[in-house]
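The next block holds one structure in the form of structure tokens; read it before the comments.
What follows is calculated from the coordinates using simple rules that are stated; it is not laboratory data. All values derive from a computational prediction rather than experimental measurement. Cβ placement follows ideal geometry from the backbone for every residue including glycine, while neighbour counts extend to all protein chains displayed.
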Amino acid sequence: MEFGWSEEELAFRDELRAFIRDNLPEGWISRVPGEEPYSETTVEFCRRLGAKGWLAPHWPKAYGGGGDASPWRFTILSEELWAHGEPRGSQYMNTNWIGPAIIAAGTNDQKQRFLPPIAAGEALWCQGFSEPDAGSDLGAMATTAVRDGDDYVINGEKVWTSYAGGSHYCFLLARTGSPNAEAEGVTIFLLPMSTPGVSVEPIPSMLDIHVIHHLRFDNARVSLADRLGPEGGGWPVVREALVNERVGAPRHMRAARVLDEVVQAAAAAGRLDAAGLRAAGEARAVCLAARGLVHKVRQMSVKGDPGAFAYLARAAVVQAERAVAEVAADLAGPGDLISGALTDGEFRTALIAGLGGGSYEMQLNLTARLWLKLPKAA
Amino acid sequence: MDFEPSPAQAETLAGLDTLLAAHGAPAQGFDAPLFARLRAEGWLDLARRSPAGALDAVLAVERLSRQVALTPAGLHGLVLPLLFEADPGGVAVLADERGEGPVPFGAEAVLVIRYEGETAAAYRTDPSAARAVTANYVYPLAIPGSPVGAAVARAPAAAVRRRHRLALAAEAVGALDGALAMLTRYLTEREQFGRPLGAFQALQHRAAELAVSVEGARWLVRTAAWSDDHEDAALAAAYAAKAARRMAWEAHQLHGARGFTLAYGLHRHTLRLQFLSVTAGGAGRHATDAARLRWLSAA
């Protein structure tokens, strides 16, 4: 047991910070992460990351990755990018779990078609999971895919989909089995968003620039070649992918950075009293606790399935974001709720943290059942 | 970066388990025979053996605390190496900041460490001059005797505070483990309304949040022991103190009246947690110090 970074890891972090300084507009930290998934700034930043081999250092070289066996380079990348406001837009998701799911379950043809563009920063994806009547209860999804020759015909709708407006592909879950089969009979499709019969509509929300969408599928035809994994075998692939998703967004690093900024601003403005100082120290502890737990999950993932610990760590990450948002609000000055201000963005970001990638309550359910081994709730 | 114990660390911890198993049931007060064995077998010297020895000492303190081993192993394992190159023998205690309150094992102390501005100084003291107090927090508490003669050792106060925080947090993690294990078993076995308490989602969420805070405290104190950094130690102590307080409330609330009985034994963890949560100024002082170190020290 040791918690040091190697010389090489430290040098990489420095190099990355310099790159971010040179390539990212100032003030990015005050944005809600993912708010400009397809702006020229985000896309160009990702292309440059891709050119350095820094989008997917943890993927095999054959698919455009860096071939890293160690989890730490990718961890450092995610940490530094989140600490600067996550300028990858939707593309953190591509390299964090969509690509790994394709690596795990894809055909050779799919790997060749989909992975190199992701590693190069040329592909934009969204995920089609939630539906009007299937949120946390994903097994209740009703979108159907019916086989017709070499195609499947998709009908149904997906909601709350981030990034859909500019995406090239959707990582789509649809039901190929009976509606009562719950998780059995769920199949994954790598659906081109240009497919006829797919429509995308923004849903007006209070999240400002972070846009969520309503997707409708009206007899949209997707080729057999774009089915990921076997028919009806999507669930294990999704479960594995979601382990990466749970800890893939080190929100605690962004939160810790926001905390630094709001504390320093409050100190400069003479608003940092004893209660604020104490609360800020406590919030920083919550951020670092989340960081330690996520690091542990990263190491466990390399050796196999981190299992229940990933849910526990995710709950800690949400707590970190919430703790910082609380301090930011307590220390807020007169202009701090103006759109674009750090405290305004932190409030909205913390609201998303407890829901995006699975609700906080679901993490607690799973921690209770799988980590503490408590009986299944009635 | 490696969260798994090294072969050497695993062997060390297995050795400690063997020692504890051979020692049998923990004593109700100061466990002098166990402390003597820990001393004789070198368990108080872990932090003296290697530059990263504070982490090994923290792992040992966690393990001892989980067994409710009532010894000053935390202070001896983590703080004394700052003052003494070799084990000075006897029992040492750390006086509180004002040097006047009761401390664990105060009645045994032949050495008392006192904060004096920027330094901490160790003095000889006479255990027969110690004054016991009536306090029911499992640790045997007493106001140690006054310093006798000149200081026999000195160290920077900040370093003593740092290592003391590691010791407190590691001790808390062991007690958190003990309390959470009892709570989990109780929620699994105790049935009401025809099902185990642990099947009620309202209680599951509370237990799960406790689990998050126990693991958070564990890895914070371990990483803080590795860095042996002032701010990290203060953050770990702040988080552990809050986790300790919360566990004291929640473990009792979820246990019902059973948790109050001496025969059941939950109090052996929760009363220690309450004590640890107020020691050295508690979460407020730890968090405020950490915040000053991070944001105000350059100012």
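Under a model in which nothing but the beta-carbon of Lys, Arg (+1) and Asp, Glu (-1) is charged, segment A:288-344 shows a dipole of about 500 debye around its Cα centre. Based on Cα contacts under 8 Å between residues 6+ apart, chain B shows a relative contact order of 16 percent. In a reduced charge model with +1 at each Lys and Arg Cβ and -1 at each Asp and Glu Cβ, segment B:182-299 shows a dipole moment near 360 debye about its Cα centre. Protection proxy ranking for B:1-11, B:167-177, using the average of other Cβ atoms within 10 Å per residue and placing the highest first: B:167-177, B:1-11.
Considering only the Cα atoms of chain B, their convex hull presents on average a projected area of 16.6 nm². With neighbours defined as other Cβ atoms within 10 Å of a residue's Cβ, the residues B:I113, A:I352 order from fewest to most as A:I352, B:I113. Across peptide A:2-15, the average count of Cβ atoms from other chains found within 10 Å of a residue's Cβ is 2.
The ranking of B:F35, A:F347 from fewest to most other beta carbons within 10 Å of each one's beta carbon is A:F347, B:F35. Pairs exceeding a 24 Å alpha-carbon distance, out of A:K61/A:K303; A:K296/A:K376; A:K52/A:K296; A:K61/A:K158: A:K296/A:K376; A:K52/A:K296; A:K61/A:K158. Rg/Rh for segment A:133-257 stands at 0.99; both radii use Cα atoms, and Rh follows the Kirkwood definition. When you work out D = kT/(6 pi eta Rh) for segment B:91-170 at 4 °C and 1.567 mPa s, using the Kirkwood radius from C-alpha pairs as Rh and the Stokes-Einstein form, the result is 102 µm²/s. Note on chain B: GNM, Cα springs under 10 Å; of B:H255, B:H267, B:H230, the largest mean-square fluctuation is that of B:H255.
How many Å³ per residue does the convex hull of the Cα positions in segment A:86-130 occupy?
77
When only Cα pairs below 8 angstrom with a gap of at least 6 residues are kept, segment A:233-378 shows a relative contact order of 30 percent. A dipole drawn for chain A from +1 and -1 charges on Cβ atoms has a positive end, and of A:A320, A:I29, A:S205 the residue lying farthest that way is A:A320. Applying Stokes-Einstein at 37 °C and 0.692 mPa s to the Kirkwood radius of segment A:215-368, computed over alpha-carbon pairs, gives a translational diffusion coefficient of 189 µm² s⁻¹. Quick one: pull the percentage of alpha-carbon pairs in segment A:217-298 with a separation above 19 Å. The share of Cα pairs beyond 19 Å in segment A:217-298 comes to 61 percent.
For peptide A:254-261, the mean count of partner chain Cβ atoms within 10 Å of a residue's Cβ comes to 1.
The residue list B:F275, B:G265, B:A241 was ranked by how far each Cα lies along the charge dipole of segment B:208-299 toward its positive end, using unit charges on Cβ atoms, and B:G265 comes out on top. Near B:L75, once Lys and Arg are set to +1 and Asp and Glu to -1 for all other residues with Cβ below 10 Å from its Cβ, the sum equals 0. The alpha carbons of segment B:1-136 stretch over 44, 36, 24 Å along the principal axes, in descending order. Over chain A, Cα pairs under 8 Å with separation of 6+ residues give a relative contact order of 16 percent. Each of B:A251, A:Q110, A:W72 was scored by the projection of its Cα onto the charge dipole of the protein assembly as shown, and the greatest displacement toward the positive side belongs to B:A251; charges sit on the C-beta of Lys, Arg, Asp and Glu. With a bin width of 20 angstrom, please list the P(r) values of the protein assembly as shown as percents of all Cα-Cα pairs, from the 0 bin to the one holding the largest distance. Histogramming the protein assembly as shown at 20 Å steps yields 17, 47, 29, 7, 0 percent.
With just the Cα atoms defining each centre, how far is segment B:62-97 from segment A:296-374? Give it in Å. Computed from Cα coordinates, the inter-centre distance equals 37 Å. If you take the alpha carbon atoms of chain A and fit the smallest convex hull around them, that volume is 146 Å³ per residue.
Magnitude of the charge dipole for segment A:63-124, about its Cα centre and with charges confined to Cβ atoms of Lys, Arg (+1) and Asp, Glu (-1), is about 160 debye. Using only Cα coordinates, the Kirkwood hydrodynamic radius of segment B:218-299 works out to 13.8 Å.
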